[in-house]
Amino acid sequence: MINKKVNSVSEATKGISDNMTFMLGGFGLSGIPENAIAALVKSGVKGLTCISNNAGVDDFGLGLLLHQKQIKKMVSSYVGENDEFERQMLSGELDVELIPQGTLAERCRAAQAGFPAVFTPAGYGTEVAEGKETREFDGKMYVLEHAFKADFAFVKAWKGDAAGNLVFKGTARNFNPCMAGAAKITVAEVEELVPVGALDPNQIHIPGIFVQRIFQGEKYEKRIEQRTVRTRE
Amino acid sequence: MLDKTGIAKRIAKEVQDGYYVNLGIGIPTLVANYVRDDIEVEFQSENGVLGMGPFPFDGEEDADIINAGKQTITTLPGASFFDSAMSFAMIRGQHVDLTILGAMEVAENGDIANWKIPGKMVKGMGGAMDLVASAENIIVAMMHTNKRGESKILKRCSLPLTGVGCVKKVVTNLAVLEVTDKGFKLLERAPGVSVEEIKKATEGTLIIEGDIPEMSL
């Protein structure tokens, strides 16, 4: 067993520096690497390019990094829930590349899987395709989208072991499996780090080969953005 | 004239037995409430769940189980979770049978705009561009006119596009329209709405053939 376990979030984030490109898992606030984000805020690294489906909310998730003006550029598909984000974007302080959600996932997966680029129908004929190569296959038009290049991927799983194996829970899975192994260094944080051998090899979602560092997060707030319930009859 | 619930009820009639359906945010989300209960349908949410159920009971909500609108949800027996790449494999690979989404504008050539108002609202396209570029069967749920009374059913979209030539059918508070080579074909009128009223509210080419039936809900 190759041991990926590190003892602290500061050890896990060793090597981060200004102007790097990071991938961060999560959909909305679900499945975000809360502990890594807290460490990035604390470190004060700036000029960051962040690839993440969303940009957090004003006081949580990537919103914390935005608030400290540590992010230079965001690559996302939807940024609707963040006033500070919108302010920085409309004022030109923040560079934003909005791309289709499936394209975001596939550009991560391409990086993970060794494809330099992929053709997708998403965005053809729209401003997303401007300046990009297009090509016809079987009578339909596609846009060439390149694999991402990132320095670190910060992903969050439910359970993991020292070998780096990961198991996700519910829709907190989202972009995390696509980003694992898609950057030079993948840092996985888990709610529960279990002994090696405790996870059934049949049930592992991401094999440890895609992970360089793993640690158990100190705490998880797991904030809910839209609490919707029905009443008992 | 229909309200948002009425639009959802009319679209629910388009959902057939055995369909996998992706519902967008807003009016489309309401469609799930009105699908006939004698058919089997599974709802997909692009953040990574198939087999979505109703909202959880108070106290049973789980931060790890949400829909694409970030609302807490439940799952039904037979449900599955998956990552974002696989979710869009279902969408791009045309495994999802029906996509229902909202729009700011629809044009008679099937173009749709629903993600950006330059200089004003820039929230992003989310999964909408992937959905409209791939789905064979797209129904748009929208109000026929905007708050200023201007038509949203147009000859050409004025806002940045989400997708080109992809919309097949539009259900509004006034009418059911089919997108054809020659323009919007009027299929049904909303209860109490005349053909004249629909004509007045439609900027795009409207094709009216014979008597136009009133929709049943």
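Work out how much length B:Lys4 to B:Lys120 would gain on full extension: take 0.36 nm times their residue separation and subtract the Cα-Cα distance, in nm to one decimal.
Values: separation 116, 0.36 × 116 = 41.76 nm, distance 2.48 nm.
Taking B:Lys4 through B:Lys120 to full extension adds about 39.3 nm, to one decimal.
Measuring with a 1.4 Å probe in the full set of protein chains, what accessible area per residue, in whole Å², belongs to segment B:1-160?
Values: 6560 Å² over 160 residues.
It amounts to 41 Å² per residue over segment B:1-160.
Can you give the FRET efficiency to the nearest 0.05 for B:Arg156 and A:Val196, using r as the Cβ-Cβ distance and R₀ = 60 Å? Before the final figure, lay out the partial values.
Values: r = 61 Å, r/R0 = 1.01.
Efficiency at R0 = 60 Å is approximately 0.50.
Shown here for segment A:1-105: GluC sites (Glu not before Pro) in loop regions (DSSP other than H, G, I, E, B) with at most 14 other Cβ atoms within 10 Å, namely A:Glu93. Over segment A:174-233, the ratio between the Cα radius of gyration and 2.2 N^0.38 Å evaluates to 1.51. Between the alpha-carbon centres of segment A:45-82 and segment B:44-96 there is a gap of 24 Å. Qualifying trypsin sites (Lys or Arg not before Pro) in segment A:191-233, where qualification requires a DSSP coil assignment and no more than 10 other C-beta atoms within 10 Å, comprise A:Lys219, A:Arg232.
Computed extension gain for B:Asn33 through B:Ser194, at 0.36 nm per residue and net of the alpha carbon distance, reaches 55.2 nm.
Compute accessible area for segment A:77-126 by itself and then with all protein chains, 1.4 Å probe, and report residues whose area falls by 40 Å² or more. Buried by the other chains: A:Tyr78, A:Glu86, A:Leu90, A:Leu98, A:Gln101, A:Gly102, A:Pro121, A:Thr126. Over chain A, with every protein chain in place, what whole percent of the accessible area is carbon and sulfur at 1.4 Å, could you tell me? Its accessible area is 48 percent carbon and sulfur atoms.
Taking all protein chains as shown and a probe of 1.4 angstrom, A:Asp200 keeps an accessible surface of around 70 Å².
Cα centroid separation, segment A:163-233 to segment A:112-140: 30 Å.
With every protein chain in place and a 1.4 angstrom probe, the accessible-area ranking of A:Phe115, A:Phe148, A:Phe137, largest first, reads A:Phe115, A:Phe137, A:Phe148. By the helix-only formula, in which each DSSP H run with n ≥ 4 contributes -39500 (n - 2.57) and the sum is divided by residues, chain A has a 222 nm mean residue ellipticity of -5000 deg cm²/dmol.
With charges only on Cβ, +1 for K and R and -1 for D and E, what is the dipole size of chain B about its Cα centre, in debye, rounded to 20? Before the final figure, lay out the partial values.
Details: 22 positive and 30 negative charges, 224 e Å.
With only Lys, Arg, Asp and Glu charged at Cβ, the dipole is about 1080 debye.
Annotation for the B:A interface, with buried accessible surface near 4200 Å², both sides summed [1.4 Å probe; non-protein components not counted]. Annotation for segment B:6-107: trypsin sites (Lys or Arg not before Pro) lying in DSSP loop with at most 14 further Cβ atoms inside 10 Å of their Cβ are B:Arg36. Can you tell me the accessible area per residue over chain A, all protein chains present, probe 1.4 angstrom, in square angstrom? On a per-residue basis, 43 Å².
The values are calculated or read from the model by the stated rules, or taken from the named source; none is laboratory data. Small disclaimer: the values here were computed from a predicted structure and weren't measured. Note: ideal-geometry Cβ built from the backbone for every residue, glycine included; neighbour counts use all protein chains shown. Side chains are part of the model used for accessible areas, which takes the heavy atoms of the whole protein and leaves out ligands, DNA and RNA. Shrake-Rupley method; radii C 1.70, N 1.55, O 1.52, S 1.80 Å.
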